[in-house]
Structures are given as C-alpha cells and as structure tokens.
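The values are calculated or read from the model by the stated rules, or taken from the named source; none is laboratory data. For clarity, every value in this text was computed on a predicted model and none was experimentally measured. A quick note on method: Cβ atoms are made from the backbone with ideal geometry, for glycine too, and the neighbour counts reach across all protein chains shown. The area values use the complete protein model at the heavy-atom level, side chains included, leaving out ligands, DNA and RNA. Shrake-Rupley method; radii C 1.70, N 1.55, O 1.52, S 1.80 Å.
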Amino acid sequence: MATDVTVLINNAGSTAMADLVTGDKAAIAQDLDVYFWGPLEMIRVFAPILKAHGGGAILNVNSAMSRVAADRANAYHVAKAAEWALTSGVRLELAGQGTLVAGAYLGMTDTGHQEWRDGPLGDAATAVRTMLDGLEAGRLEIIVDDLARGAKAALAGDPRDLYPAAV
C-alpha cells in the first residue's frame, strides 16, 4: 500500500441511468457503491496516512447532478448527492488532523463517460487544471463550469422553476 500519499483524489465514473421508482435496485445500489461507499472506503484507508504527512488533502470529484435531478438518471443524482454530503461530513471529521477536504463540481465534461450525449462537452484538461488550482488555493468547493454554477444557484430558487413538469 502507498504510505507516502499527501493528496487523495476520488474520481470514479459510472452510471446505471436508472430511475428510482422503476429502476433496477441493483443498478441503483451500484451507483451508490461507486459514488458513496467507494470514496468513503478510500478516505477511511488514506486518512491516517494523510495525517501522518501533516494532513494533506482529499478532493472528491463530484457533479452538477449532485444538486439537481434528471429523468433516467436519478440513481446517479442520489449517489452524487450522497457524495456531496459525504464530502461535507468528512471535511468536519478530518479538520482536526489538518486535512483539507474539497469537492469539485462539474457538468458535462469530455472524459469518455458521456459517449451517449449529443451536445457540447467541456474540456477535460481545463477541468483538471481548475480542480488542481482550486485545491492548491485551499478552496473547499471548486465550481468548474457554468453548468455546475447554474446547478448550485438553482438550489436557492423555487423548486417549481427547476422542475416545471413536477407542478
């Protein structure tokens, strides 16, 4: 096992494209495994190593969808929302050992995970540069692009504006 780690970056990619009410429960569980249980296990393993090296940092790469729901991707939304909450909770728990815990939030970025998408994608190199710059600056939240910025802003509004079909 690596014992000289000073930065842990949790960045997994998977989505079952499942809804919650009618979707396959195993597929929903898979998204939670990838985006909640996986990062939590990595944090539990590496937190003592980070502490031994002065605290270090953890970056959880998250998504604009941690803040908004979408048909056919609600399992992903719930799993990413759980990762958002995980980031906040771990941030508090590891503050005493000097570990910076940051969350990065981005929209559709060309990572090879969006081959199904018919539309523009953000540049992966730009996203990585933004995340690393934010981590180096000690930011707790790194908003990578306009889609993530819009998702965050939408939380302050009326849910009817965000989900007009639900009214």
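May I ask you to give the solvent-accessible area per residue for the chain, in square angstrom, as obtained with a 1.4 angstrom probe?
Averaged over the residues of the chain, the accessible area is 55 Å².
Please list, in chain and number order, the residues 5+ apart from I142 or on another chain whose amide H is under 5 Å from its amide H, with Hs placed from the backbone.
Hits under the 5 Å cutoff: G103, A104, Y105.
Which cross-chain or sequence-distant (5 or more) residues have an amide H under 5 Å from the amide H of I58, H modelled 1.01 Å from N in plane?
Amide H neighbours of I58, under 5 Å, 5+ apart: L8, L100, V101, A102.
What's the ranking of 77-83, 157-163, 62-68, 23-29 by average number of surrounding C-beta atoms within 10 Å, highest first?
Going by the mean number of other Cβ atoms within 10 Å, highest first, we get 62-68, 77-83, 23-29, 157-163.
Working from Cα positions, state the angle (0 to 90°, nearest 10) between the long axis of helix 124-136 and the longest principal axis of the chain.
Orientation of helix 124-136: about 50 degrees from the principal axis.
With n ≥ 4 as the cut-off for DSSP H runs, can you work out [θ] at 222 nm for the chain, using -39500 (n - 2.57) per run divided by the number of residues, rounded to the nearest 500?
Calculated mean residue ellipticity at 222 nm is -13000 deg cm²/dmol.
Can you pull the one-decimal nm distance between simple spin-label points at M1 and Y163, each 7 Å off the Cα toward Cβ?
4.0 nm
Solvent-accessible area of I9, probe 1.4 Å, all protein chains present, reported in Å² to the nearest ten, please.
Per-residue accessible area (I9): approximately 80 Å².
Leaving out ligands, DNA and RNA, what percent of the accessible area of the chain is carbon and sulfur, probe 1.4 Å?
Ligands and nucleic acids excluded, carbon and sulfur reach 57 percent.
Could you tell me which label, among (1) 16.3, 53; (2) 23.0, 68; (3) 17.3, 54, carries the value of Rg and Dmax of the Cα atoms in Å calculated for this structure?
The calculated read-out lines up with (1).
From the phi of every residue in the stretch 74-82, what ³J(HN,Hα) in whole Hz does the Karplus formula 6.51 cos²θ - 1.76 cosθ + 1.60 yield, where θ is phi - 60° and glycine or proline is x?
Along the stretch 74-82, the couplings run 6, 5, 4, 4, 5, 5, 6, 5, 5 Hz.
Determine which lysines satisfy two conditions relative to K152: a Cα distance under 20 Å, and not lying fewer than 8 residues away in the same chain.
Filter leaves K80.
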